[in-house]
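Right, one structure below, let's go through it.
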Amino acid sequence: ATYKDPTDPTDTSTDTITVIASKLDVTSFYAGPSPSAGDVTFGYQGSGIASVMSVEVYDLAGHCVWTQELANVTQIVWDCQSVANGAYIYLVTATDGTETFRGKGTVFISR
């Protein structure tokens, strides 16, 4: 946004702000593309921006192979180049500090 002083047109100020929906409402989570040969994007359908979003990815033996937590996001990207081909289970959590939504699913890596 840019503000111009009405009494002095040469006096302007500019700043950037983030506009966040007032309420987080997640209707579903997704991971894609699946199968993936590169990056996998984890996100959610719904409204609002998660003040904290986290993703945990596990192999089928139950070992955590990757985790990420970010603030003020609607999606998280995983560069899955360091894992072998196969199926992985993901757990996603999104919260706005009041409401918390959790989801899980499977993503497939194939190069």
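At-a-glance table
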read-out: Answer residue from segment 98-111, given it is within 18 Å of SER28 (Cα to Cα), in contact (Cβ under 8 Å) with a residue 12 or more places away in the chain and assigned to a strand (DSSP E or B) and is most open to solvent (accessible area, probe 1.4 Å) among those; value: LYS104
read-out: Among (1) out of contact with any strand residue (DSSP E or B) (no Cβ under 7 Å at 6 or more places or on another chain); (2) open to solvent by less than 80 Å² (accessible area, probe 1.4 Å), the one test that TYR44 misses; value: (1)
read-out: Enumeration of residues in segment 23-44 that are closer than 21 Å to GLY97 by Cα and under 11 Å from the mean Cα position of the chain (by Cα); value: PHE29, PHE42, GLY43, TYR44
read-out: Residue check, TRP66 in contact with a Cys (Cβ under 8 Å, 6 or more places away or on another chain) and at pLDDT 95 or above; value: yes
read-out: Tabulated pairs, segment 29-57, first at positive phi, second of a type in the set (Lys, Arg), C-beta under 7 angstrom, 6+ apart or interchain; value: GLY48/LYS23
read-out: Extreme residue, surrounded by the fewest Cβ atoms within 10 Å (Cβ to Cβ), among residues of segment 61-97 that are within 10 Å of SER51 (Cα to Cα) and not hydrophobic (A, V, I, L, M, F, W, C); value: GLY97
read-out: Strands (runs of 3 or more DSSP E) lying entirely in segment 1-97 (those with 3 or more residues that are within 19 Å of SER110 (Cβ to Cβ)); value: 25-32, 39-47, 75-79, 86-95
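The values are calculated or read from the model by the stated rules, or taken from the named source; none is laboratory data. The structure displayed is predicted, hence computed values, not measured ones. With ideal geometry, Cβ positions are generated from the backbone for all residues, glycine too; neighbour counts draw on all protein chains shown. Areas reflect the complete protein model, heavy atoms only, side chains present, ligands, DNA and RNA absent. Shrake-Rupley method; radii C 1.70, N 1.55, O 1.52, S 1.80 Å.
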